[in-house]
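Visitor: Have a look at the structure that comes next, please.
Each reported figure results from applying straightforward, stated rules to the coordinates on display, with no laboratory input. None of the values given here were measured: they were computed from a predicted structure. Here the Cβ is made from the backbone with ideal geometry for all residues, glycine too, and neighbour counts use every protein chain on show.
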Protein chains: 2
Amino acid sequence: VITDQNVNKLYHHDLQRYPLIEFAAGEEHKTLETVEFIYHRLLELGADRSSFLVGVGGGVVCDITGYAAATYMRGLDFGYVATTLLAQVDASVGGKTAVNFHGFKNMVGVFNQPRFVLCDIDLLKTLPREDIINGLAEVTKHALIGDSDLFHDLEAQPRKILDLDRKLLEDTIERSLRVKIGIVEKDEREVRERRWLNFGHTFGHALESLAGLPHGRAVSWGMKLAVQVSVRKGRLQEDVAARILRLLEVMGLLPDVHCDASQLKKAVRTDKKKTGDALKFVLLQSIGRPVVEDIPLVELESLIDDLC
Amino acid sequence: VITDQNVNKLYHHDLQRYPLIEFAAGEEHKTLETVEFIYHRLLELGADRSSFLVGVGGGVVCDITGYAAATYMRGLDFGYVATTLLAQVDASVGGKTAVNFHGFKNMVGVFNQPRFVLCDIDLLKTLPREDIINGLAEVTKHALIGDSDLFHDLEAQPRKILDLDRKLLEDTIERSLRVKIGIVEKDEREVRERRWLNFGHTFGHALESLAGLPHGRAVSWGMKLAVQVSVRKGRLQEDVAARILRLLEVMGLLPDVHCDASQLKKAVRTDKKKTGDALKFVLLQSIGRPVVEDIPLVELESLIDDLC
């Protein structure tokens, strides 16, 4: 079992019966150094190709466990027990594993599918309210790129899910996952449809690195910018854009952020979605209908100047 | 282009026209530190998912280039220009990429197939004779596990290939590659036939780490032990074993090595072929006919005591 200190504190009684690797919690530990620490521990524990790794935790634990499993002895089998809403609706599913590299988000990684993903909503009860809000960003993203009914339902009762109503949570997580799974099954390696899942992530990742925001809030802020770019590019109607921003606002997903244009431009230049002098940018045409457009870096930079 | 200092010195005129990443030559640099250096340089050079990496060099350059390509931004396309006999007949083909980890050979890696492998025998002319001898170990291995005719031809003129006769080299490299490619195509992920390619490598890798021998000589010494184990286990006739050892001897492939039983036993315990308390060990039944046997670690340790 690979987990972080926070999760281990909460579930030590259940986890201690397995050979256990624990590392410090937090995005700042999603690094190659932590992965090397895990290799060391795996060697100490005598792990071999017949070993099975289970990552128990949020997105960071899932990403690191999958990457370590993919690269230790050229690959062990592994699975996830996702303990945060963000991990349940997004990070645990799809087979993207990665670590950050010197401030660049998910710069080093591989595609590597887990054998199972376990999403137990009882695990969410121990989470601070902030973490549930954080997870709602990816739920809203999935609604925006693939399920307009889900968007309408969120709009109807934007804060009810925060009460952790069991039925509503189960339903919301399942619908959110269906969007993601449907897309990943069509295009695992992100050469076509899977790019949609990056909606809000170009600016979101930049902000996550620059301002140290939690992933969900950073992505939400990135979705706000992407919605505004969609309007500027004549793809999305202004009243629809306003509805989207209102929902993000009501959910508590639009933190007050200082938008540093020059830093943001620098970060965009090293985005993984860049090919040559353009960037594959995900725009919205309407709720549930994304579209990918090659936007030249120079144009994107002038948009950043306008919007920041 | 990713290459090492030795190769870059020889071919700088041809390589300088490409964005170039160079690192210090030698097995001791096949590490995660070198891979991190390559990530840094790729970021500096603005490499993105549309970039194509070409590793130009021997086995170390191929292994590192393939691993960096597999993990930078979750995977770039790549190819190899193999400049040593060892790389041409073995390391460049089959999609195994890896680096060493704190003295453990190829402990961290992934399966990742190159888009092309270029084996130009003119590149071998600049190699010291020692390097050709080193490459002959893997050629002999391929003969032993899959091409008895090749073994007989090597036996008939064991040292002629060292004169770098063009026709003979071409023929030998091709036949050697056919054995490897045939096996890899049947079983890329090493769950069945591909294990045969590890013939001589259990002890070979241990010796490479412990005594700092070049890969070919270490494997050759490992094949000697594996042949002796095959006889002890009643799989191989003594006269056939003697023929094999004679050929390795005549080729200059059996260096005088101090066999440290306790070190060897320790190394075997962390071999990647270990599953639980046994190790998948490749034995010979006759020339061209390998077989994989689960040998309990305790038995293997007592064999090491006998043979060392």
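Visitor: Treating segment B:189-298 as a set of equal point scatterers at the Cα positions, no solvent, please give the Debye-formula log₁₀ I(q)/I(0) at q = 0.15, 0.18, 0.20, 0.21 Å⁻¹.
Guide: Log10 of I(q)/I(0), two decimals: -0.62, -0.90, -1.12, -1.23.
Visitor: Shifting gears a bit: Hey, what's the Cα Rg ratio for segment B:1-142 versus the globular rule of thumb, 2.2 N^0.38 Å?
Guide: Normalised by 2.2 N^0.38 Å, the Cα Rg of segment B:1-142 equals 0.98.
Visitor: Pull out the extension gain between A:Asp277 and A:Val191, defined as 0.36 nm times the separation in residues minus the alpha carbon to alpha carbon distance; nm, one decimal.
Guide: 29.2 nm
Visitor: Here's another thing I want to ask about it. Can you list the HN-Hα couplings for segment A:56-70, worked out from phi with the Karplus curve (6.51, -1.76, 1.60; θ = phi - 60°), rounded to whole Hz and with x for Gly and Pro?
Guide: After applying 6.51 cos²θ - 1.76 cosθ + 1.60, I find 10, x, x, x, 5, 4, 4, 4, 6, 4, x, 5, 4, 5, 5 Hz.
Visitor: Expressed as a whole number of Å, what is the distance separating the alpha-carbon centroids of segment B:226-249 and segment B:72-103?
Guide: Distance between centres, Cα-based: 31 Å.
Visitor: How many partner chain Cβ atoms sit within 10 Å of a residue's Cβ in peptide B:46-52, on average, as a whole number?
Guide: 4
Visitor: Taking only the alpha carbons of chain A, what extent do you get along each of the three principal axes, in Å, biggest first?
Guide: 58, 45, 36
Visitor: Mind pulling up the Rg/Rh value for segment A:34-111? Radius of gyration and Kirkwood radius, both on Cα.
Guide: 0.96
Visitor: List the residues, sorted by chain then number, that are 5 or more residues from B:Leu118 or on another chain and whose placed amide H is less than 5 Å from its amide H.
Guide: B:Tyr80, B:Val81, B:Ala82
Visitor: Now for a separate question. Taking DSSP loops as anything outside H, G, I, E and B, show the longest stretch in chain A free of trypsin sites (Lys or Arg not before Pro) there with at most 14 other beta carbons within 10 Å.
Guide: Between exposed loop sites, the widest span is A:193-308.
Visitor: Averaged across B:67-79, how many Cβ atoms of other chains sit within 10 Å of each residue's Cβ atom?
Guide: Mean shielding count: 4.
Visitor: Quick one: A:His13, A:His152, fewest Cβ neighbours within 10 Å first, how do they rank?
Guide: Ascending number of Cβ neighbours within 10 Å: A:His13, A:His152.
Visitor: Moving on. On average, how many beta carbons from a partner chain sit within 10 Å of the beta carbon of a residue in B:103-113?
Guide: Mean number of neighbouring Cβ atoms from other chains: 3.
Visitor: Compute the projected area of the convex hull of the Cα atoms of the protein assembly as shown, averaged over all viewing directions, and report it in nm² to one decimal place.
Guide: Averaged projected hull area, Cα only: 28.2 nm².
Visitor: Say R0 is 60 Å: what FRET efficiency, to the nearest 0.05, do B:Val240 and A:Glu33 get from their beta-carbon distance?
Guide: The value I calculate is 0.75.
Visitor: Between A:Asp260 and A:Asp14, how high is the FRET efficiency from 1/(1 + (r/R0)^6) when r is the Cβ-Cβ distance and R₀ = 60 Å? Nearest 0.05.
Guide: It comes out at approximately 0.85.
Visitor: Rg/Rh for segment B:1-57 to two decimals, with Rh computed the Kirkwood way over all alpha-carbon pairs.
Guide: When Rh is taken as the Kirkwood radius, the ratio is 0.95.
Visitor: While we're here: Quick one: of the DSSP bridges fully inside segment A:19-158, what percent are antiparallel, nearest 5?
Guide: Of the beta bridges lying entirely in segment A:19-158, close to 35 percent run antiparallel.
Visitor: If you don't mind, another one. Can you work out the base-10 log of I(q)/I(0) for segment B:90-245 at q = 0.16 1/Å, using the Debye formula on its C-alpha atoms alone?
Guide: Normalising to I(0) and taking log10 leaves -1.02.
Visitor: Let me ask another. Please report the antiparallel percentage of DSSP beta bridges with both residues in the protein assembly as shown, rounded to the nearest 5.
Guide: So the antiparallel bridges amount to about 55 percent of the total.
Visitor: Measuring nothing but label to label, 7 Å from Cα along Cα→Cβ, what are A:Arg166's distances to the other copies in nm, shortest first?
Guide: With the label placed 7 Å along Cα→Cβ, A:Arg166 yields 8.0 nm.
Visitor: Taking each label point as 7 Å beyond Cα in the direction of the beta carbon, state the distances from B:Lys9 to the same residue in the other copies, shortest first, in nm.
Guide: Result, one decimal in nm: 5.6.
Visitor: Let me ask something else about it. Using θ = phi - 60° and the Karplus curve 6.51 cos²θ - 1.76 cosθ + 1.60, what whole-Hz ³J(HN,Hα) does each residue of segment A:224-231 get, with Gly and Pro shown as x?
Guide: Once rounded to whole Hz, the list reads 4, 4, 5, 5, 5, 5, 4, 5.
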